[in-house]
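The structure appears right after this line, and notes come after that.
The values are calculated or read from the model by the stated rules, or taken from the named source; none is laboratory data. Keep in mind it's a predicted model, so treat the numbers as computed, not measured. Every residue, glycine among them, receives a Cβ derived from its backbone with ideal geometry; neighbour counts consider all protein chains shown.
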Amino acid sequence: MKNNQILLCCAMLALAACSSADKYTIRGTWEDGAGQTVYLKTGDDPKQLVTIDSAVVKSDNSFTIRCKAPAEMTPAVLVTPESRTELLLYRSGRPVDVKIWSEMRRKLKPGQTDSVDVKVQLMKLVNPDPETAVYLSGRDMASGHAFISLGGMFMLMNAQEQGLSLDSVFNVKKQMEEAFEQSLEKFLDSTKNFRSSTFFIRDFVLKTRSFAEAQRWYDSLTPAVKESPEGQMLFSAIERDSKFNVGGTPDNFTLPTPDGDTLALYSLRGHIVLLDFWASWCGPCLAEAPNVKKIYEKYHDKGLEVLGVSLDKEGDHDKWVAAIEKHGLNWKHVSSLKGWDCPVAKQFNVTGIPRMYILDREGKIIAQDLRGEELAKKMDEIFADAQ
């Protein structure tokens, strides 16, 4: 009888543990937020998040969201009209604690030159679990990289406007980039046993770094992480993107030409193809154009085709055509006229332009991200081997 009671207790404890792990609970306090609503949203597109739950703040300024936990780790956002915080939903069995409060900060108001005290609402997770902490650190790393890139661009622009030497600006920018690289290596090396690190590799490394680097960091993950649903998700993303990197053969695509016809990538099979992502408004792209023009004139008769994929927007068709004519870009051109939402640019993970790929006669990518002398030298090598 006693043994049966012990077994029953163990079974009840196990059931309670499973029930707890199968739920996620978000507990929070919202300073002076009684009666307000907090929304839990998720989705792949930040502009089209879907509300999956919500809670009204009680009279004591507390709120609770308690629902069934997803089978896989799911990035989500907790949102109010004035603040938000990212979090990670999964079967951890551990509640998520959130704090929402307001404080005065010095800011510039629109149309004013002097800073003023402005009341802002803030939200943060309190003591997030290790997996969530890694996920949030990865998001911070990505934001830091964007800040460095944007800050470097503004420093260069200001230096040029003021007629200052660019050497010191380049040195500062280089130091910032080197510091980021060190932080990136340290972060990835220290998080290879965390399932949530796969989101950072997929969303940042795979999209902004070389494919070889993303593959290297995937290989460094522990077997347990690779075998997890998140690891399999990352593997699928890497396998998919392998088509659009050196050694891969991209899927065919068809886009409109300037005259309203269409052109398919696969129609250029049998030629060496320089796939050039650019835009009429892109200064660095137009600065690279004379080099591409020289290469095209040198090797077009020997089998080189250049295909320009413009990231101009709808309504800029005339600017696109004018740039082609003005700069004598006498090769093949296509564009979806959807700007950065161009489906082909997304397939190739184009996050900056100019971006170039060289495809061999069978359509396989044999080089990418070459410009200037490096691009010319590579073309010389390709056509020397073809003789």
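Okay, residues lined up against (1) modelled with pLDDT of 95 or more; (2) under 25 Å from Leu234 (Cβ atoms); (3) among the charged types (D, E, K, R):
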| residue | (1), (2), (3) |
| --- | --- |
| Gln36 | yes, no, no |
| Asp44 | no, yes, yes |
| Gln48 | no, yes, no |
| Glu72 | no, yes, yes |
| Tyr90 | no, yes, no |
| Val98 | yes, no, no |
| Met104 | no, no, no |
| Thr113 | no, no, no |
| Asp117 | no, no, yes |
Just wondering, is there one or more residues in region 358-373 that are over 30 Å from Ile201 (Cα atoms) and part of a helix (DSSP H, G or I)? yes
Pick from region 201-242 the residues that are over 19 Å from Phe180 (Cα atoms), touching a residue at least 60 places away in the same chain (Cβ under 8 Å) and not hydrophobic (A, V, I, L, M, F, W, C): which of them is surrounded by the fewest Cβ atoms within 10 Å (Cβ to Cβ)? Pro229
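Between Ser59, Ser19, which is modelled with pLDDT under 95, loosely packed, with under 11 Cβ neighbours inside 10 Å and of a type in the set (Ser, Thr, Tyr)? Before the answer, list the steps.
Numbers: Ser59 fails: modelled with pLDDT under 95.
Ser19 is the lone residue from the list that is modelled with pLDDT under 95, loosely packed, with under 11 Cβ neighbours inside 10 Å and of a type in the set (Ser, Thr, Tyr).
Residues that are among the basic types (Lys, Arg), part of a strand (DSSP E or B), more than 22 Å from Arg195 (Cβ to Cβ) and in contact (Cβ under 8 Å) with a residue 12 or more places away in the chain: does region 68-81 have at least one? Walk me through how you get there before you give the answer.
Going through region 68-81, the residues among the basic types (Lys, Arg) turn out to be 68.
Okay, now just the ones that are also part of a strand (DSSP E or B), so 68.
This time we only want the ones that are more than 22 Å from Arg195 (Cβ to Cβ), so: none.
Within region 68-81, none of the residues are among the basic types (Lys, Arg), part of a strand (DSSP E or B), more than 22 Å from Arg195 (Cβ to Cβ) and in contact (Cβ under 8 Å) with a residue 12 or more places away in the chain.
Hey, any hits in region 262-275 for a residue that's at pLDDT below 95 and in contact with a strand residue (DSSP E or B) (Cβ under 8 Å, 6 or more places away or on another chain)?
no
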State the number of residues belonging to region 263-294 that are in contact (Cβ under 8 Å) with a residue 40 or more places away in the chain and under 17 Å from Cys342 (Cβ atoms). 10
Restricting attention to region 271-278, does a residue exist that is more than 28 Å from the chain's Cα centre (by Cα) and not small (Gly, Ala, Ser)? yes
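Of the residues Ala76, Ala142, Ala71, which is in the same structural domain as Ser190 (by TED's automatic domain parsing) and among the aliphatic types (A, V, I, L, M)?
Ala142
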Filter result for the condition that a residue is in contact with a Leu (Cβ under 9 Å, 6 or more places away or on another chain) and either surrounded by 14 or more Cβ atoms within 10 Å (Cβ to Cβ) or within 20 Å of Phe199 (Cα to Cα) (or both), over Tyr135, Tyr90: Tyr135
Looking only at region 248-261, decide whether some residue is over 22 Å from Ser336 (Cα atoms) and either under 16 Å from the mean Cα position of the chain (by Cα) or exposed (fewer than 14 other Cβ atoms within 10 Å of the Cβ) (or both). no
Sort out which residues of region 161-196 are touching a Leu at 6+ places or on another chain (Cβ under 7 Å) and either outside any loop (DSSP other than H, G, I, E, B) or polar (S, T, N, Q) (or both), and write them in order of number. Leu166, Val169, Ser196
Of all residues in region 333-387, how many are crowded, with 18+ Cβ neighbours inside 10 Å and free of Cβ contacts under 8 Å to residues at least 12 places away in the same chain? 0
